[in-house]
């Protein structure tokens with residue numbers, strides 16, 4: 001009896017390990033959705049720090065502190081890769097996490113920055129995000145690292161997250177008015193590319209497009225990050241290609257019911273398997 | 001040589017102890033401002049949990065957990081009284097705090113509820129607050145405990161806090177539009193009294209008044225709580241009446257610079273003496 005021919009992936013039991021996705025709250029589900037679409041055979045674990053959300057109004061020190069605690073919890077589930085699906089945490093904590101964790105860590109900023117450079121024709125790019133992401137200058141530095149000649153403008157948009165979390169959609173008059181105010185300087189700057197530097201913003205894409213005009217390319221970090229995740233798995237020979245139904249699990253530090261209901265809207269699918277994690281079990285675990 | 005006649009207060013060294021004010025973030029400064037105005041000789045300590053703010057979107061369990069940690073930190077400063085200046089924490093955690101702390105604890109809900117009952121003429125009262133405060137039904141129960149015949153309507157207003165924190169004021173078109181949407185059912189209900197069940201809302205008073213009309217009484221829990229604080233100190237014979245310049249100290253768990261700048265606007269005064277508290281020193285202290 002001969003052994004069946006195996007693909008390189010199937011020979012590696014490490015490939016069966018899950019991908020872990022970490023976010024400050026719910027917004028990272030837009031990344032999870034794209035990762036699930038791009039990599040349909042992978043088991044996914046999502047962690048949302050809903051007890052301490054939002055991160056976008058907090059200091060780099062606090063964001064690093066919380067991010068490390070959450071990723072250490074995820075590491076106990078033995079993931080093959082951690083995706084930091086939160087722009088604020090990617091901007092503030094990625095170098096720290098890479099230094100202190102033993103698993104590869106991917107953020108959302110660098111994929112978005114590369115896509116913006118590839119997309120712009122007039123070399124004028126606008127970036128929107130939370131207060132902390134914009135203050136960190138992470139997108140500016142990432143884009144300049146690829147192409148230092150691109151002209152950049154950025155703008156914090158603190159109301160977009162609460163507007164999405166309240167369930168408002170692109171045709172809501174408040175959403176339209178706020179989008180108009182926030183995007184005016186970017187439109188006047190003449191940007192032909194707009195980077196959505198927050199995982200909640202893809203849910204407002206139609207309203208943003210309406211303000212920016214049809215000719216502008218909107219870069220959605222969620223899609224770019226899913227592509228980068230697939231590429232990194234290929235590079236590590238850890239991509240699963242077999243046809244099993246993947247398992248999705250969700251961990252949150254507060255309010256699993258609110259997470260399931262608001263999250264199901266974001267995932268455009270029913271969210272089950274949500275577990276509440278005790279914050280005391282997360283905080284200050286030995287490194 | 002005879003002893004000088006002393007007022008009862010001056011004979012009690014306990015009266016020199018500070019009043020502690022606890023809030024999830026910045027909003028409680030509206031209470032601090034009123035307490036400072038009503039009790040100009042008292043030392044005040046303010047604690048804002050800016051690393052874990054906001055509480056209004058979180059579960060009762062998490063709000064109780066955080067509130068107890070913060071109040072234990074304040075108790076180490078030996079206050080004569082703790083004012084829970086956060087509606088969300090008052091609504092969710094007050095009975096727990098009273099049971100587990102050795103110092104008298106005053107919330108903002110009961111003073112606001114009593115003032116609403118006293119103010120209404122047509123016995124129709126509207127209440128606005130965060131998601132958690134409205135869900136808790138704390139104002140409804142407090143008002144019904146005083147007068148079960150009053151008709152009540154309530155409404156969560158999740159955007160008001162981020163609108164204030166972004167620095168928007170009452171003449172901002174987004175504030176006006178959002179206020180109109182939120183208050184429409186309360187106006188249609190015919191309430192003659194509106195309870196501001198969140199410490200941020202007094203900063204939007206003019207916009208709320210514009211929507212509700214001049215005839216409506218607006219109950220600001222901050223003012224009511226300052227009155228209740230003075231009354232409780234009198235009752236305990238712990239009010240300071242001497243003329244020393246009082247000391248104000250501020251503790252926050254994150255971003256003292258942002259706190260000082262946004263907070264100075266709320267206090268209408270310059271905030272100094274802001275100390276950053278390490279969250280690890282707060283979390284899980286032995287009870």
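Read-outs throughout are calculated quantities, based only on the coordinates presented, and are distinct from any laboratory measurement. It should be emphasised that the depicted structure is a prediction, and the values quoted were computed from it without experimental measurement. Don't worry about glycine lacking a Cβ; one is built from the backbone with ideal geometry, like all the others, and counts go over all protein chains shown.
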task: With everything on Cα atoms, drop me the angle between helix B:173-189 and the longest principal axis of chain B, reported from 0 to 90° to the nearest 10.
output: 80
- request: Whole number please: convex hull volume per residue, Cα atoms of segment A:10-96, in Å³.
  value: 90
message: In whole Å, what are the extents of the protein assembly as shown along the principal axes defined by its C-alpha atoms, from largest to smallest?
response: 106, 49, 48
- prompt: residue B:245 versus residue A:231, label points 7 Å from Cα toward the beta carbon: distance in nm?
  reply: 6.1
message: Can you give me the angle between helix A:221-235 and the longest principal axis of chain A, using Cα atoms only, in degrees from 0 to 90, rounded to the nearest 10?
response: 30
- line: Taking r as the C-beta separation of residue B:37 and residue A:280 and R0 as 51 Å, the FRET efficiency to the nearest 0.05 is 0.85
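Compute the FRET efficiency between residue A:273 and residue A:103 as 1/(1 + (r/R0)^6), taking r as their Cβ-Cβ distance and R0 = 22 Å, and round to the nearest 0.05.
Step by step, r from the Cβ atoms, then E = 0.50.
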query: Nearest 10 degrees, 0 to 90: what angle lies between the long axis of helix B:109-119 and the longest principal axis of chain B (Cα atoms)?
result: 60
query: Could you list, bin by bin from short to long, the percent of Cα-Cα pairs of segment B:110-221 in 10 Å steps?
result: 15, 52, 28, 4
query: Who wins for biggest fluctuation among B:141, B:272, B:188 in a Gaussian network model of chain B, springs between alpha carbons below 10 Å?
result: B:188
query: For the residue pair residue B:205 and residue B:264, what label-to-label distance in nm results when each label sits 7 Å from Cα along the Cα-to-beta-carbon direction?
result: 2.3
field: Contact order normalised by residue count of chain A, Cα under 8 Å, 6+ apart, percent
entry: 26
task: Using a Gaussian network model of chain A whose springs link C-alpha atoms within less than 10 Å, name the residue from A:28, A:213, A:197 with the highest mean-square fluctuation.
output: A:213
- request: Sticking to Cα atoms, compute the Rg of chain B to one decimal and its Dmax as the biggest Cα-Cα distance, whole number, in Å.
  value: 18.9, 71
query: Can you sort B:186, A:150 so the residue with the fewest Cβ neighbours within 10 Å comes first?
result: A:150, B:186
